[in-house]
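Worksheet: the structure to be examined is printed underneath.
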Amino acid sequence: MKINGNAVRPGNVLEHNGRLWVAVRIQAVKPGKGGAFNQVELKDIRNGSKLNARFRADEQVERVRLEQRKAQYLYRDDDLITFMDSETYEQSAISADLLGEQAIYLRDGMEVTVESYEGEPLSVILPDTVTMEVVEADAVVKGQTASSSYKPAVLDNGARIMVPPHIAAGTRVVVKPAEGTYVERAKD
């Protein structure tokens with residue numbers, strides 16, 4: 001699908017110079033002389049390299065639609081993570097590199113979205129939040145509760161995050177896997 005250069009938004013997947021790119025950052029530029037354009041930071045979906053490109057309003061850009069399918073996490077075997085398609089029940093192994101640091105937040109049976117292009121998986125989207133248990137948390141320092149401060153904690157998956165002072169070991173917390181940050185105490 002062709003779109004105008006000024007219609008590119010963060011998260012759009014574009015076909016540019018024969019490769020697939022995701023728009024990371026966009027800045028609208030209106031120079032004193034000449035026409036306005038979008039300065040777009042692109043990231044190659046397959047190898048992670050970056051490129052800065054200018055798209056003028058009258059320029060046509062090819063926007064790619066990715067196929068999204070719901071899948072369930074089954075297990076991890078070294079560098080491959082196996083998912084099962086929720087509709088066809090087919091199993092597929094995807095490289096752990098596609099998930100990056102988010103892979104440690106996968107739980108048995110977790111529902112994810114697998115995005116693919118022409119049958120090739122390009123990314124795996126985890127739920128916005130996951131519930132984890134704190135297994136280790138530093139003690140509160142006297143006077144630390146007077147201001148909004150955080151302390152380090154270790155989750156049951158081994159991830160280290162910063163939590164508020166009132167969170168102790170054994171507490172279940174809600175975490176954003178995309179950022180690896182504390183959201184709130186879990187409501188049990």
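What is the spin-label model distance, in nm, from LYS30 to ASP79 if the labels are put 7 Å beyond Cα along the C-beta direction?
4.9 nm
In straight Cα distance, which lysines are under 28 Å from LYS70, not counting same-chain residues fewer than 8 positions off?
Excluding near neighbours in sequence, the set is LYS2, LYS43, LYS176, LYS187.
Using +1 on the beta carbon of Lys and Arg, -1 on that of Asp and Glu, and nothing else charged, what's the dipole of the chain about the Cα centre, debye to 20?
That gives the chain a dipole magnitude of about 1200 debye.
What's the FRET efficiency of ASP156 with THR113 using the Cβ-Cβ distance as r and R₀ = 22 Å, to the nearest 0.05?
0.35
Is segment 3-49 rounded, prolate or oblate when judged by the Cα gyration tensor, a ≥ b ≥ c being the square roots of its eigenvalues, rounded requiring a/c under 1.5 and prolate requiring a/b larger than b/c?
Prolate, because a/c is 1.5 or more and a/b exceeds b/c.
Within segment 33-66, which residues have the backbone N less than 15 Å from the label spot 7 Å out from ARG19 along Cα→beta-carbon, could you tell me?
41-54
Quickly work out the THR131-to-GLU101 label distance, labels modelled 7 Å from Cα along the C-beta direction, and quote it in nm with one decimal.
Distance between label points: 2.5 nm.
Please say if segment 1-139 is rounded, prolate or oblate, where rounded means a/c under 1.5 for a ≥ b ≥ c the square roots of the C-alpha gyration tensor eigenvalues, and otherwise the choice is prolate for a/b larger than b/c and oblate otherwise?
Since a/c reaches 1.5 and a/b is larger than b/c, the shape of segment 1-139 is classed as prolate.
Restricting attention to segment 49-135, which chymotrypsin sites (Phe, Trp or Tyr not before Pro) occupy a DSSP loop and are surrounded by at most 14 other Cβ atoms within 10 Å?
Answer in residue order: TYR89.
Report the one residue of ASN52, GLY34, VAL163 whose Cα lies farthest in the direction of the positive end of the charge dipole of the chain (charges on C-beta: Lys and Arg +1, Asp and Glu -1; origin at the Cα centre).
It is GLY34.
Enumerate the calculated ³J(HN,Hα) couplings along segment 116-123 in order (Karplus 6.51 cos²θ - 1.76 cosθ + 1.60, θ = phi - 60°), each rounded to whole Hz, writing x wherever the residue is Gly or Pro.
9, 10, 6, x, 9, x, 10, 7
Using +1 at the Cβ of each Lys and Arg and -1 at the Cβ of each Asp and Glu in segment 4-146, identify which of GLY5, LEU20, LEU106 lies farthest towards the dipole's positive end.
Farthest towards the positive pole: GLY5.
FYI, it's all coordinate maths here, none of it is from the lab. Nothing here was measured: the structure is a model prediction, and the numbers come from that model. Every residue, glycine as well, gets a Cβ built from its backbone with ideal geometry; the counts of neighbours run over all protein chains shown.
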